[in-house]
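Notes for the one structure printed next.
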Amino acid sequence: MPEILQMRGGLGGAEDLDTCVEARHPWSAIAVRDGRVVWQTGDDVWTTWRSAAKPLQLACSLEMLGYPKVRSEELAIGAASHSGEPEHVHWVREVLARFDVAERGLLCGTHPPVHVASAEQLLRQNKEFLPIHNNCSGKHAFMLAAAARRGWDVDYRPPEHPLQRLIAERVAEWTAASPKLALDGCGVPTFCLPLSAIAHGWWRMARAMETADEPTRLGAIGRAMAEFPQLTSGTDRLDASVVRHAREPMAAKVGAQGVFCIALPKRDMGLAIKVHSGDSDALPAAVVEALRMAAGQAWQLPLNWRFLDVRNVVGRLAGRYVVG
């Protein structure tokens, strides 16, 4: 089983960063092309898909909305786990306005913006944290709009809701698997699947990204994610940085508990990665190695990429994450 090692250095400085293995994180990754596994490291583990399923969930909301014409920025925010920065809030409100649904209908719950400076700005202005600041509010805006358009119950969260039943059916179709349902952090169902099935779903999106006028809008969603990684993610976030340093078009999406998915349309490939411990700090090392092994030359590791560093509270380099 491949492992990510969290190395803690001695007191000698940056040249002495391999003193101690502080933690080990087993991980797996699988690439799918043309519906078949073409590369694998580690086990085909079962895992919840979490937020890396958002592009497919968004495609189902668009289907129930009658495939309306929307801007690429709106698609990007609909597939986002955004940071709650002002531009993210703006585009979620654009989606709500387009479909004439009220912000108070968002049922994703409230948390402070992931982007600390944006949260601090709201506090300085004596403003409340609202559901629209939730990282899942873009997905929920489209779900709310779909439920309202169809005349369904606007509490769109229960698994028996017509929208959630459709999403479960489409996930089974697009992953060629039978998902188990669990409760996601934002209140809607998430899906428990083998990692190979998750890669299969992202292969479907990669293929759609190369197909003109494909009917599901998965391709348009993937292209929007590739074009606007800041909207899909946020400032100083892993998935935005991965897309920005790509050598070819790709869409990337993080999921909670150590999940990361990539669509590589030029290679007709979907890539799914899982850190078994769920540790998000260890995840970048797995992403780098998986891209190197499964899709060489698709991505270039930047010099001094901060996501591999372990730093203390004053910013001093204290260690690194490496693949063991």
Matching entry among V288, V313 (being touching a residue at least 12 places away in the same chain (Cβ under 8 Å) and of a type outside the set (S, T, Y)) | V288
Restricting attention to the range 235-247, does a residue exist that is in contact with a Phe, Trp or Tyr (Cβ under 8 Å, 6 or more places away or on another chain), over 28 Å from L107 (Cβ atoms) and among the polar types (S, T, N, Q)?
-> yes
Find the residue count for the range 194-216, including only residues that are surrounded by fewer than 23 Cβ atoms within 10 Å (Cβ to Cβ) and either touching a Lys or Arg at 6+ places or on another chain (Cβ under 7 Å) or not in a helix (DSSP H, G or I) (or both).
-> 8
Got a sec? Which strands (runs of 3 or more DSSP E) wholly within the range 19-78 have at least 2 residues that are more than 25 Å from P189 (Cα to Cα)?
-> 20-33, 36-41
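Run down L107, L123 and say which single residue is among the aliphatic types (A, V, I, L, M) and either part of a helix (DSSP H, G or I) or surrounded by fewer than 15 Cβ atoms within 10 Å (Cβ to Cβ) (or both).
Values: L107 fails: either part of a helix (DSSP H, G or I) or surrounded by fewer than 15 Cβ atoms within 10 Å (Cβ to Cβ) (or both).
Every option except L123 fails the conditions.
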From the residues in the range 149-164 that are part of a helix (DSSP H, G or I) and out of contact with any Ser or Thr (no Cβ under 9 Å at 6 or more places or on another chain), which one is surrounded by the most Cβ atoms within 10 Å (Cβ to Cβ)?
-> Q164
Residue pairs qualifying under the 6 Å Cβ cut-off, at least six apart or on distinct chains, with the first in the range 221-237 being closer than 22 Å to E210 by Cβ and charged (D, E, K, R) and the second being buried (at least 23 other Cβ atoms within 10 Å of the Cβ) and modelled with pLDDT of 95 or more, are R223/M209
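Could you tell me which of the residues M1, M64 is of a type in the set (A, V, I, L, M, F, W, C) and modelled with pLDDT under 95?
Criteria check complete, one pass: M1.
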Just give me the residues in the range 228-243 being within 14 Å of G78 (Cα to Cα) and part of a helix (DSSP H, G or I), in sequence order.
-> P229, Q230, L231, T232
L130 is checked against (1) under 18 Å from P55 (Cβ atoms); (2) of a type in the set (A, V, I, L, M); (3) surrounded by fewer than 22 Cβ atoms within 10 Å (Cβ to Cβ) and fails just one. What number does that condition carry?
-> (1)
Only listed residue being aliphatic (A, V, I, L, M) and more than 20 Å from the chain's Cα centre (by Cα), chosen from A147, A141 | A147
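The values are calculated or read from the model by the stated rules, or taken from the named source; none is laboratory data. Keep in mind it's a predicted model, so treat the numbers as computed, not measured. Don't worry about glycine lacking a Cβ; one is built from the backbone with ideal geometry, like all the others, and counts go over all protein chains shown.
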